[in-house]
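Worksheet: one structure, shown below.
The values are calculated or read from the model by the stated rules, or taken from the named source; none is laboratory data. Bear in mind that the values here come from a model prediction, so they are computed numbers and not experimental data. Note: ideal-geometry Cβ built from the backbone for every residue, glycine included; neighbour counts use all protein chains shown. The protein model used for the area step is the full one, side chains on, heavy atoms only, and it has no ligands, DNA or RNA in it. Shrake-Rupley method; radii C 1.70, N 1.55, O 1.52, S 1.80 Å.
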Amino acid sequence: MEDQEVLDIAKNHSKTPAQILMKFLVQQDIAVIPKSTNPERLRQNFDLFNFELTSTEMERLKALD
């Protein structure tokens with residue numbers, strides 16, 4: 001969540017790093033089960049379906065260690 005690639009992509013989409021990483025998984029048809037009791041984080045967890053990561057962004061994320 002502190003990787004510069006993730007931070008750059010998050011900034012480009014006006015999303016949090018956590019949202020970018022969850023979207024990365026969802027776009028690969030991998031189920032994501034986030035857990036939070038924080039109301040703001042719960043809202044952010046549902047706010048994944050109003051944007052798409054580009055193929056370039058997906059490749060950048062796949063290349064991370």
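Quick one: length gained pulling Ile30 to Lys11 fully straight, 0.36 nm per residue minus the C-alpha distance?
Working it through step by step, the gained length comes to 4.5 nm.
In the chain, helices alone account for a calculated mean residue ellipticity at 222 nm of -15500 deg cm²/dmol, with every DSSP H run of four or more residues adding -39,500 (n - 2.57).
The GluC sites (Glu not before Pro) found in the stretch 1-47 that occupy coil by DSSP, while having at most 11 further C-beta atoms within 10 Å, are Glu2. Annotation for the stretch 25-65: trypsin sites (Lys or Arg not before Pro) lying in DSSP loop with at most 12 further Cβ atoms inside 10 Å of their Cβ are Lys35. The phi torsions of the stretch 6-11, fed into the Karplus equation with coefficients 6.51, -1.76 and 1.60 and a -60° offset, translate into couplings of 5, 4, 5, 5, 4, 5 Hz, rounded to whole numbers, with Gly and Pro shown as x.
Averaging over all projection directions, find the projected area of the Cα convex hull of the chain and quote it in nm² with one decimal place.
Working: hull surface 17.8 nm².
Convex hull of Cα atoms, orientation-averaged projection: 4.4 nm².
The candidates Asp3, Asp47, arranged from most to least accessible area with a 1.4 Å probe in the full protein assembly, appear as Asp3, Asp47.
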